[in-house]
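> Here you go, one structure.
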Amino acid sequence: MPEPGSKRRILEIGPGRRPMHHRSQEGLQIDPDQEEYTALDQPINKFEAAVWAAAKEKYGASIKLVHGDRANLIGVDNESIHELVALGSHGEDDPNMVKEFDRVLQPGGLLRLGVGKNFEQQLLLTLGQQLRTRGYDVLQTERLEYNYFPSVDAPHNPYVVITFKKPS
C-alpha cells in the first residue's frame, strides 16, 4: 500500500502496443489521481504507436515510457514498485528476471504475469516455481477472453493473468 498522499506505482514490462490490456482493450487505463505508470520496453520504437500518444495526452506526467530490459531493471529503485505487470511472459525460465522483479517490488507488492492459455502450465512450472521458492503466493488467476492479437482474424484468444503476491 502506498504511503498516505503518494501514488501507487505500477511498472509494466514489455507493454508493446497493448498496455495493461488485462484492464482494458481501449488503450491504457489508469487512475491518475491514485496511480503512476511506467512502461518499460526494449524496442523503443514501440512507443511510437498511437496508443502511447493518446496515453501521454490523457495522463500527462502520471505515465513514463522508458527503454530497458526486464532482466536488468536499471534505474528502478529497490522495493519501489507496488505492482509489476508482465503480460507477455510466456513461461520463460529466466532467473535474472525473477531476481529483478523481486528486487523492485515492495514487500506485499503484486506481480501480474500473463500468457496465452496454452502457456499457463509452463509459466507455473518455470517462473511460478522460482517465485514460490522466494515465498510468493498465487492470489488470483483470471481467465480472459479477448482478441490479444488484433491482426489475427479471430474474435477471442483465451488469455490467463496470474497474480502473485510478494511476502510482506
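No value in this document is a laboratory result; all are computed from the given coordinates. As the structure is a prediction and not an experimental result, all values here were calculated from the model. Here the Cβ is made from the backbone with ideal geometry for all residues, glycine too, and neighbour counts use every protein chain on show.
> Tell me, what is the FRET efficiency for Asp69 and Thr133 to the nearest 0.05, using R0 = 35 angstrom and their Cβ-Cβ distance as r?
0.95
> Can I ask one more? Provide the gained length on full extension for the span Gln25 to Arg103, in nm with one decimal, where the gain is 0.36 nm per separating residue minus the Cα-Cα distance.
Computed gain between Gln25 and Arg103 is 25.1 nm.
> Towards the positive end of the charge dipole of the chain, with charges on Cβ (+1 Lys, Arg; -1 Asp, Glu), say which of Gly60, Pro19, Val98 has the farthest Cα.
Val98
> If each DSSP helix of 4+ residues adds -39,500 (n - 2.57) and the sum is divided by the residues in the chain, what number results at 222 nm, nearest 500 deg cm²/dmol?
Calculated at 222 nm, the ellipticity per residue is -5500 deg cm²/dmol.
> Can you tell me the FRET efficiency between Glu48 and Leu144 if r is taken as the Cβ-Cβ distance and R0 is 22 Å, rounded to the nearest 0.05?
That pair, Glu48 with Leu144, gives E of 0.25.
> Then there is this: Just the number, please: Stokes-Einstein D of segment 19-83 in µm²/s, Kirkwood Rh from C-alpha pairs, 4 °C, 1.567 mPa s.
101
> Suppose the chain between Asn118 and Asn157 were pulled fully straight at 0.36 nm per residue; how much longer would it get relative to their current alpha carbon spacing?
13.0 nm
> Another question, then. Take the residue pairs Lys7/Lys58; Lys7/Lys99; Lys99/Lys166; Lys99/Lys165 and return only those whose Cα atoms are more than 19 Å apart.
Lys7/Lys99
> OK, next. Can you give the extra length, in nm with one decimal, that the chain gains between Asp77 and Arg17 once fully stretched, where that is 0.36 nm per residue apart less the Cα-Cα distance?
Result for the pair: 19.1 nm of gain on full extension.
> Looking at segment 8-165, what % of its DSSP beta bridges pair antiparallel, to the nearest 5?
Counting only bridges with both partners in segment 8-165, antiparallel ones make up about 45 percent.
> For the residues Arg23, Arg70, what sequence is obtained by ranking on other C-beta atoms within 10 Å, fewest first?
The most exposed by this proxy come first: Arg23, Arg70.
> Okay, next question. Most mobile of Glu12, Glu57, Glu100 per a Gaussian network model of the chain (Cα springs, under 10 Å)?
Result: Glu57 has the largest fluctuation of those listed.
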